[in-house]
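Colleague: Please see the structure below; I have some questions.
Computed from the coordinates by the stated procedures, all read-outs in this text should not be read as laboratory data. Remember, predicted model here, so these are calculated numbers, not experimental data. No Cβ is skipped: glycine too gets one built from the backbone with ideal geometry, and neighbour counts run over all protein chains shown.
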Amino acid sequence: MSKPVDRSTTGEPMTLSFGPQHPATHGTLRIVLELDGETVLKATPHLGYLHTGFEKLGEHLDYNQYIVVTDRMNYLSPLSNNFGYALAVEKLFGMELPKRGQYVRVIMAELSRIADHLIWLGTSALDLGAFSVFLYGFQQREKLYKIFEDTTGARLTTSYTRVGGLLRDLYPGFENDVRSFIRDFPKKLKEIHTLLTKNRIWMDRTKDVGQISSEYAINYGYTGPCLRATGVDRDLRKIEPYSSYDEFDFDVPVGSNGDAYDRYLVRMEEMIQSCRIVTQALDNLPDGPINVESHKISLPSKQETYGHIEGLIHHFKIIMDGHGIQPPVGEIYCATESPNGELGFYIVSDGSGTAYRVRVRPPSFFHFQAFDHLIRGGMVSDVVAVLGSLNIIAGELDR
């Protein structure tokens, strides 16, 4: 439950708007604080500053076009968003990717998890004055973005996934580049541990700050690292494995106090576990196709489209209005373990080339709604620490 506020010294409360222009708001969001001096009496989170109609767009764009929209939700890990949405549509079809396609998706999703956590680590540390950690984290992130760009053609908005597969296979040299990163990354992460984990200032700013119990976390709809930091061992990759995750050996880091410090430790260990998964996926990467072999679902490669008349016809039959991917009538909910938690897509199909309804279940929305519970009774300086520890992404909030 929220910390009780000592009102024995309470004077006239002051209302302070934290954001949407504040540099520590991690996106275009706003928190209205009611303060007694520097003590937070109440914190009211406000949404709507980045509303772009993501869900409504799903009713007007075809199933492959909508993948571009998913890039803009959690723009720190677009590959995970692409993956989750495509998986939902494939579930609606009742199809399964070839093994190679599944493994490539896992590799890219786990590298995306590391990149997302590195951005969280750098920015949240910077908010509390640890500038060196910001530089260490972004140096490693840049190596991953180079791999993403070479694989997908883009650094940030990748749009790499397709319904029924992927845009293209891995480039020559991909395995060497990834193995080089995986080999060096744990050493760099250990250096960050040296800078932060036992740092007295960092511990004072994060330990017992923004604390929440497992019971309240579950009731608020917490998932991902924020839930696991409270002691709940729940990871969709383990309990509801998808895309061959049941074939990989990895641990699920769990905290105990549910505070900002435990959320930090859980994410730090998750990056190491992602390295384990990527290594296993590379060691056992199957040969074969990456896309389902169906001319009614899978887009042809650009080489086939531009080089053969059959490929060009195949391409237009999928993207032309009135043609294209037409799943059966029905509805589906599919969730994946994104870097911030459970990212779910609920899709209703009327049998046409566009969805009748798309609903997104973003993890950040549920974490942000509990902000008052986390910060009440704390100090103004704790607002920055708690917000950073949640890794709120404004693009997910408004949809």
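Colleague: Return the Cα extents of the range 124-177 along principal axes one, two and three, sorted largest first, each rounded to a whole Å.
Modeller: Per principal axis, max minus min of the Cα coordinates gives 44, 25, 13 Å.
Colleague: What FRET efficiency, computed as 1/(1 + (r/R0)^6) with R0 = 22 Å and r the Cβ-Cβ distance, is obtained for Ala24 and Leu156, rounded to the nearest 0.05? Mind showing how you got there, number by number?
Modeller: Working: r = 22 Å, r/R0 = 0.99.
That pair, Ala24 with Leu156, gives E of 0.50.
Colleague: List the pairs from Lys99/Lys296; Lys207/Lys238; Lys56/Lys317; Lys146/Lys302; Lys42/Lys207 whose alpha-carbon separation is above 27 Å, in the order I gave them.
Modeller: Table pairs above 27 Å Cα-Cα are Lys207/Lys238.
Colleague: For the ranges 282-291, 219-228, what's the packing order if you count other beta-carbon atoms within 10 Å of each residue, average per peptide, and put the highest first?
Modeller: By packing density, highest mean first, the sequence is 219-228, 282-291.
Colleague: Something else about it: If you take the square roots of the eigenvalues of the alpha-carbon gyration tensor of the range 141-225 and sort them as a ≥ b ≥ c, do you get rounded (a/c under 1.5), prolate (a/b over b/c) or oblate?
Modeller: oblate
Colleague: Kirkwood Rh over alpha-carbon pairs of the range 332-396, then Stokes-Einstein at 25 °C and 0.890 mPa s: what D in µm² s⁻¹, rounded to an integer?
Modeller: 177
Colleague: Quick one: if you stick a label point 7 Å off each Cα along the C-beta vector at Leu282 and Leu16, how many nm between them?
Modeller: Once both label points are built, they end up 4.7 nm from each other.
Colleague: Among Ser243, Ser381, Ser274, Ser80, what is the fewest-to-most ranking by other Cβ atoms within 10 Å?
Modeller: Lowest count first: Ser381, Ser243, Ser274, Ser80.
Colleague: While we're on this one: Dividing the convex hull volume of the alpha carbon atoms of the chain by its residue count, what do you get in Å³ per residue?
Modeller: Values: hull volume 52.6 nm³, N = 399.
Taking only Cα atoms, the chain has a hull volume of 132 Å³ per residue.
Colleague: Moving on to the next point. If each of Asp321 and Ser256 carries a label point 7 Å out from its Cα toward its Cβ, how far apart are those two points in nm?
Modeller: About 6.2 nm separates the two model spin labels.
Colleague: Okay, next question. Please compute the net charge surrounding Ser364, taking Lys and Arg as +1 and Asp and Glu as -1 over other residues with Cβ under 14 Å from its Cβ.
Modeller: Within the 14 Å Cβ shell, the charges total 0.
Colleague: Take the Cα coordinates of the range 248-335, assign each an equal point scatterer, and use the Debye formula without solvent to give log10 I(q)/I(0) at q = 0.20, 0.24, 0.25 Å⁻¹.
Modeller: Rounded to two decimals, the profile gives -0.95, -1.12, -1.16.
Colleague: Sticking with this one: Are there any trypsin sites (Lys or Arg not before Pro) in the range 9-56 that are in a DSSP loop and have at most 13 other Cβ atoms within 10 Å? List them by number. All intermediate terms of the calculation are to be shown ahead of the outcome.
Modeller: On the way: sites: Arg30, Lys42, Lys56; in loops: none.
Passing both the DSSP loop test and the Cβ count: no residue.
Colleague: Sort the following peptides by mean Cβ neighbour count (other Cβ atoms within 10 Å, averaged over residues), highest first: 81-92, 123-134. Before the final figure, lay out each step's value.
Modeller: Numbers: 81-92: 24.8, 123-134: 19.0.
Order by mean packing, descending: 81-92, 123-134.
Colleague: For Arg183 and Gln65 in the same chain, what is the full-extension length gain: residue separation times 0.36 nm, less their Cα-Cα distance, in nm?
Modeller: In short, 38.8 nm is gained.
Colleague: Here's a follow-up. For the pair His46 and Glu34, how long in nm is the line joining their label points, each one 7 Å along Cα→Cβ?
Modeller: In this crude label model, His46 to Glu34 measures out at 1.6 nm.
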